[in-house]
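**Student:** One structure, as structure tokens, below. Some questions next.
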Amino acid sequence: MIKTALYAGKLAVLYQGLDEELTSFQLAERLHVSIYQSVDKNTPEDFFLTWRDGRLKLLDKELLKKGGLSVDIEPRPGEQRSWPAPKKGALAQALGRKTKTIVDATTGWGQDSLHMFRMGYELRCIERSPIMVELLADGFKRLSEVDWVVSLDVQVPELISGNAIEVLSNLEKKPECIYIDPMFPPKRKKSALPKKSMTILRGLLGDDKDREQLFEMAFQTATKRVVVKSPDYAEPIAGKPNESFSGKLLRYDVYLK
């Protein structure tokens, strides 16, 4: 199999049952990575995608017997389970309670997107990491099969694969709000090195060195506002915002059109 440089030697697909064989081979082909039925200490890759517990998971080779990482579609602690949930809290204030359409330009693990979805916003999600696209697609598929989503005929978020700067520049239907949650360097002492697994994981999922360009495109595209999520120690991404709403160890900066 020809492997792209993007994930060669870093990621592979692992399958352990015949019922997973076809979908696993299809996944490996989409990502252009190797596929195994079992791994050992000599296997070159450090991360694996596999189906476990009814969902697609990302596993660290050193923690293969642990749970792994997947897109969690359940409400977070403190979130109301009814739909639509009340639009309250710092995120809802930043998005605007009268806002209807949102594009999440940096979906990542989808937790903020799913919170917005549960509050009843019409949502489109952009993600450029092919690995995260696979994990999100699996999560959104599971979400579409949840009893209350089926019974209420609720439309789950639309997932768009690609670089958000390019995707936003080609959107025909402009959203009222664009939400950005870029990766920021962790607040660490220079001597404190992240664990090997976290270093590799960050390398797999990519960094957001183009966050300023993304903001510029988002501000051109949104019809009403751009919301930027930042850690509390970070400087605003585009100068002083029109409004800011603070949560625990983070804030939402709002730039109005």
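The values are calculated or read from the model by the stated rules, or taken from the named source; none is laboratory data. Given the structure is predicted, the values throughout are model-derived calculations rather than measurements. Note that we place each Cβ from the backbone using ideal geometry, even for glycine, and neighbour counts take in every protein chain shown.
**Student:** On the basis of being at pLDDT 95 or above and touching an Asp or Glu at 6+ places or on another chain (Cβ under 7 Å), does L56 make the cut?
**Tutor:** So L56 passes the test.
**Student:** Residues being surrounded by 13 or more Cβ atoms within 10 Å (Cβ to Cβ), farther than 22 Å from R202 by Cα and of a type outside the set (S, T, N, Q): count how many of those fall in the stretch 1-24.
**Tutor:** 3
**Student:** Answer with yes or no whether S113 is surrounded by 18 or more Cβ atoms within 10 Å (Cβ to Cβ), outside the structural domain of L152 (by TED's automatic domain parsing), closer than 30 Å to S151 by Cβ and touching a residue at least 24 places away in the same chain (Cβ under 8 Å).
**Tutor:** Considered against the rule, which asks whether it is surrounded by 18 or more Cβ atoms within 10 Å (Cβ to Cβ), outside the structural domain of L152 (by TED's automatic domain parsing), closer than 30 Å to S151 by Cβ and touching a residue at least 24 places away in the same chain (Cβ under 8 Å), S113 comes out as no.
**Student:** Residues of the stretch 96-144 being among the aliphatic types (A, V, I, L, M) and either under 18 Å from K229 (Cβ atoms) or in contact with a helix residue (DSSP H, G or I) (Cβ under 8 Å, 6 or more places away or on another chain) (or both), which ones?
**Tutor:** Hits for the stretch 96-144 are I102, V103, A105, L114, M116, M119, L123, I126, I131, M132, L136, L143.
**Student:** If you don't mind, another one. Among strands (runs of 3 or more DSSP E) lying entirely in the stretch 178-257, which contain 1 or more residues that are within 25 Å of T99 (Cα to Cα), at pLDDT below 80 and not β-branched (V, I, T)?
**Tutor:** The strands (runs of 3 or more DSSP E) meeting that bar number zero.
**Student:** Name the residue, out of Q37, Q16, that is farther than 27 Å from D181 by Cα and modelled with pLDDT of 90 or more.
**Tutor:** Q37
Yes or no, residue by residue, for (1) within 21 Å of the chain's Cα centre (by Cα); (2) under 19 Å from L159 (Cβ atoms); (3) outside the structural domain of S144 (by TED's automatic domain parsing):
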| position | (1), (2), (3) |
| --- | --- |
| S24 | no, no, yes |
| S34 | no, no, yes |
| N42 | no, no, yes |
| F47 | yes, no, yes |
| W51 | yes, yes, yes |
| R55 | yes, yes, yes |
| I73 | yes, yes, yes |
| T106 | yes, yes, no |
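**Student:** If you go through the stretch 91-110, how many residues are within 17 Å of S169 (Cα to Cα) and free of Cβ contacts under 8 Å to residues at least 12 places away in the same chain?
**Tutor:** 0
**Student:** Which of the strands (runs of 3 or more DSSP E) found entirely inside the stretch 21-127 contain at least 2 residues meeting this: among the acidic types (D, E)?
**Tutor:** Counting at least 2 such residues, we get 122-127.
**Student:** State all residues of the stretch 128-144 that are of a type outside the set (A, V, I, L, M) and at pLDDT 95 or above; if no residue qualifies, say none.
**Tutor:** Hits for the stretch 128-144 are E134, D138, G139, F140, K141, R142, S144.
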